[in-house]
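Heads up: the structure comes next, in structure tokens.
The values are calculated or read from the model by the stated rules, or taken from the named source; none is laboratory data. Source: prediction; values computed, not measured. Here the Cβ positions follow ideal geometry from the backbone for every residue, glycine too, while neighbour counts run over all protein chains shown.
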Amino acid sequence: MKNVKSYALAATAVAAISGNAFAADRSDIYASDYKWMQFNAMYSIGEKPELNGDEHNYMEMEFGGRKGIVDLYGYVDVFNLANESSKHGDKNPGSGASKLFMKFAPRISLDAVFGKDLSVGPIQEVYFSTLFNWNGSVGDGVNSTFWGVGADVNVPWLGKTGMNLYAYYDLNNKEWNGYQFSANWFKPFYFFDNKSFLSFQGYLDWQFGADENHNEFVPTTSSGGDIFFGLYWHSDKYALGYGLKGFKDVYLLEDKGGIVGLETTGWSHYFTATYKF
């Protein structure tokens, strides 16, 4: 099954620390350009969808930044680094699934395009938002695109929170099918004397308004998604974290539905060790 994670963890960290995306009067769209990259060694327990349990390791290269009108986030995952055989999960060598997954999420600042301050109330900046998911497989592999609008919103206590509302276009079936609301946040809340800190960070992806499919093998629903709650320690070069992720009919797959009976609702655990470049 495809592995999809919302862009949240490092991108919002940089944005929160660097402040406004560009000059407050919109006169210099390059004033606060930045870029970053990091590698995450990760281990997942109980990731959904799952059948008879799923545990796997993976390496993630995460990157992003801001250049003029473009705000960018992305990552590439490589699953099951040691290529170990297992009867569980879809990341083992015998499953036939791709070992790769990529997310690419450019947003175009409408403030920067028009040279206008479009902020109002808690809305700090407005975007034309896109999102692309690929897993490298041919045929029926993951080829998902999302198109919509977004904003950086000042939320009480959480601070700057990215929000996006997309329409979903399936490149495989060449059709529009429902919508997705996404949000991501990064909140440093405790600072140590050595300038390292603890953060509460996470994201929400919720799909809705999709067509149901009553396939006897893997039926789909009209809504579903996931939410991630992470507690992380950060220093200049390293990060360590734990995340609790909740799923509800994730990827619109009906929980334990059909002949296959995949579990698509429940909770999973993620452990992360990061090196920042």
Out of Ser182, Ser196, report the one residue that is small (Gly, Ala, Ser), farther than 22 Å from Tyr73 by Cβ and either over 18 Å from the mean Cα position of the chain (by Cα) or modelled with pLDDT of 95 or more (or both). Ser196
Go through (1) touching a strand residue (DSSP E or B) at 6+ places or on another chain (Cβ under 8 Å); (2) over 22 Å from Gly150 (Cβ atoms); (3) surrounded by 14 or more Cβ atoms within 10 Å (Cβ to Cβ); (4) at pLDDT 95 or above one by one and return the number of the condition Tyr238 breaks. (3)
When only residues in region 197-235 that are of a type in the set (Gly, Ala, Ser) and within 19 Å of Leu158 (Cα to Cα) count, which is surrounded by the fewest Cβ atoms within 10 Å (Cβ to Cβ)? Gly230
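Quick check on region 169-189: of everything there that is among the hydroxyl-bearing types (Ser, Thr, Tyr) and within 29 Å of Gly159 (Cα to Cα), which residue is surrounded by the fewest Cβ atoms within 10 Å (Cβ to Cβ)? Break it down into steps so the answer makes sense when it comes.
Step one: of region 169-189, the residues among the hydroxyl-bearing types (Ser, Thr, Tyr) are 169, 179, 182.
Checking which are within 29 Å of Gly159 (Cα to Cα) leaves us with 179, 182.
Numbers: Tyr179: 17, Ser182: 24.
The extreme case among them is Tyr179.
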Check region 246-264 and report whether any residue there is surrounded by fewer than 16 Cβ atoms within 10 Å (Cβ to Cβ) and at pLDDT 95 or above. no
Please state which of the following conditions Asp54 fails to meet, knowing it meets all the rest: (1) surrounded by fewer than 20 Cβ atoms within 10 Å (Cβ to Cβ); (2) of a type outside the set (A, V, I, L, M); (3) modelled with pLDDT under 90; (4) over 19 Å from Gln201 (Cα atoms). (1)
I'd like the full set of residues that are touching a Gly at 6+ places or on another chain (Cβ under 8 Å) and in contact (Cβ under 8 Å) with a residue 60 or more places away in the chain, limited to region 124-151. Asn135
Are any residues in region 237-277 of a type in the set (D, E, K, R) and either assigned to a loop (DSSP other than H, G, I, E, B) or touching a residue at least 40 places away in the same chain (Cβ under 8 Å) (or both), and if so, which ones? Lys237, Lys245, Asp249, Glu254, Asp255, Lys256, Glu263, Lys276
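Are any residues in region 121-157 aliphatic (A, V, I, L, M), at pLDDT 95 or above and surrounded by 18 or more Cβ atoms within 10 Å (Cβ to Cβ), and if so, which ones?
Here is the first cut: in region 121-157, the ones aliphatic (A, V, I, L, M) are 123, 126, 131, 138, 142, 149, 151, 153, 155.
Those left that are additionally at pLDDT 95 or above: 123, 126, 131, 149, 151, 153, 155.
Answer for region 121-157, where residues must be aliphatic (A, V, I, L, M), at pLDDT 95 or above and surrounded by 18 or more Cβ atoms within 10 Å (Cβ to Cβ): Val126, Leu131, Ala151, Val153.
Give the residues of region 240-277 that are under 24 Å from Met59 (Cβ atoms), of a type outside the set (D, E, K, R) and touching an Asp or Glu at 6+ places or on another chain (Cβ under 7 Å), sorted by residue number.
First, pick out the residues of region 240-277 that are under 24 Å from Met59 (Cβ atoms): 240-245, 247, 250-251, 267-277.
Filter again for of a type outside the set (D, E, K, R), leaving 240-244, 247, 250-251, 267-275, 277.
Passing the criteria: Phe247, Val250, Ser268.
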Identify all residues within region 238-277 that are basic (Lys, Arg) and under 21 Å from Lys187 (Cβ atoms); write none if there are none. Lys245, Lys276
